[in-house]
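Beneath this line is the structure, given in structure tokens, with notes to follow.
The values are calculated or read from the model by the stated rules, or taken from the named source; none is laboratory data. Please read these numbers as outputs of a predicted model, since none were measured by experiment. No Cβ is skipped: glycine too gets one built from the backbone with ideal geometry, and neighbour counts run over all protein chains shown. For the accessible areas, the whole protein counts, side chains as well, though only heavy atoms, and no ligand, DNA or RNA atoms are used. Shrake-Rupley method; radii C 1.70, N 1.55, O 1.52, S 1.80 Å.
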Amino acid sequence: MCGRYASSRRPEDLIDEFDVIESRVEFPIATSYNVAPTDETYVVMSRGEEPVRTLAVARWGLVPSWAKDRGIASRLINARSETLAEKPAFRRAYASRRCLIPADGYYEWYVTAESKAGKPVKQPFYLTPRDGETLPMAGLYEWWPDPAKAEDDPDRWLLSCTVITTAAADEIGMIHDRMPLVVQSDDWAAWLDPTVSDAAELLHPAVEIGLTAYPVSTLVNSVRNNGPELIQPLEVDA
């Protein structure tokens with residue numbers, strides 16, 4: 001977790017919901033019901049000498065500033081909350097580059113007792129807030145300078161992000177033992193504040209956050225599939 005999620009909110013809706021002051025979104029991202037690693041996603045962050053809450057577009061999969069190339073991104077789509085301050089790939093971002101990654105919900109694969117060709121059958125589930133509100137997943141972001149591009153090239157700097165995960169709450173643990181760390185609205189300001197270098201007290205263990213979970217079609221297994229049918233409850237024969 002988290003390997004896929006859904007994102008359909010428009011930037012103007014996210015600006016209102018997260019009290020964003022500055023938008024750096026030049027072109028809206030297309031609605032996606034199957035956001036996958038290296039895809040573009042919206043992030044809410046606070047940046048600048050006098051930090052301003054900003055909405056931007058980032059690539060999912062963190063590329064640390066010291067990385068030789070962006071190939072590392074696919075291995076850094078998640079960051080475990082328990083080791084953020086220790087891992088070289090995350091500790092600098094954790095100290096001052098924290099963000100929120102808005103989602104409608106996310107997918108998880110439950111390992112069933114069935115097997116096929118000697119391998120356990122995995123049933124995808126969709127997990128989403130019962131009230132239909134946005135799921136504000138905790139994240140980290142980084143800026144990476146592409147060494148292949150000139151210093152004055154406006155596309156030289158890549159903005160990337162990772163989703164922070166934590167041990168799953170009881171309501172989710174039966175499906176998978178990990179889940180995204182969700183930041184409650186009362187904690188947004190402190191979580192995004194780059195002057196707060198130690199955010200350990202905000203890494204709350206997961207609690208019951210009002211998620212509903214239901215099985216969905218295995219169509220979500222392929223990144224080629226991307227439509228609202230992916231989040232429809234799976235019809236089970238009586």
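Using the structure shown, decide if residue 136 is of a type outside the set (Val, Ile, Thr), closer than 22 Å to residue 233 by Cα and open to solvent by less than 20 Å² (accessible area, probe 1.4 Å).
No.
From the list 218, 212, which one is under 19 Å from the mean Cα position of the chain (by Cα), open to solvent by 20 Å² or more (accessible area, probe 1.4 Å) and either of a type in the set (Lys, Arg) or over 26 Å from residue 20 (Cβ atoms) (or both)?
When all the criteria are applied, what remains is 212.
So, of the residues in the range 139-165 that are free of Cβ contacts under 8 Å to residues at least 12 places away in the same chain and either small (Gly, Ala, Ser) or in a strand (DSSP E or B) (or both), which turns out to be most open to solvent (accessible area, probe 1.4 Å)?
Filtering the range 139-165 for residues that are free of Cβ contacts under 8 Å to residues at least 12 places away in the same chain and either small (Gly, Ala, Ser) or in a strand (DSSP E or B) (or both), the one most open to solvent (accessible area, probe 1.4 Å) comes out as 148.
Test of understanding: among 178, 130, 224, which residue is open to solvent by less than 50 Å² (accessible area, probe 1.4 Å) and of a type in the set (D, E, K, R)?
178
Being part of a loop (DSSP other than H, G, I, E, B), in contact with a Leu (Cβ under 8 Å, 6 or more places away or on another chain) and open to solvent by 20 Å² or more (accessible area, probe 1.4 Å) is the filter here, so list the residues in the range 46-75 that pass it.
Of everything in the range 46-75, just one residue is part of a loop (DSSP other than H, G, I, E, B), in contact with a Leu (Cβ under 8 Å, 6 or more places away or on another chain) and open to solvent by 20 Å² or more (accessible area, probe 1.4 Å), namely 51.
Given the residues 12, 26, 82, which is the only one that is charged (D, E, K, R) and either assigned to a loop (DSSP other than H, G, I, E, B) or open to solvent by less than 20 Å² (accessible area, probe 1.4 Å) (or both)?
Selected residue: 26, the only one of 12, 26, 82 that is charged (D, E, K, R) and either assigned to a loop (DSSP other than H, G, I, E, B) or open to solvent by less than 20 Å² (accessible area, probe 1.4 Å) (or both).
Within the range 100-123, can one find any residue that is in a loop (DSSP other than H, G, I, E, B), crowded, with 21+ Cβ neighbours inside 10 Å and touching a residue at least 60 places away in the same chain (Cβ under 8 Å)?
Yes, the range 100-123 contains a residue that is in a loop (DSSP other than H, G, I, E, B), crowded, with 21+ Cβ neighbours inside 10 Å and touching a residue at least 60 places away in the same chain (Cβ under 8 Å).
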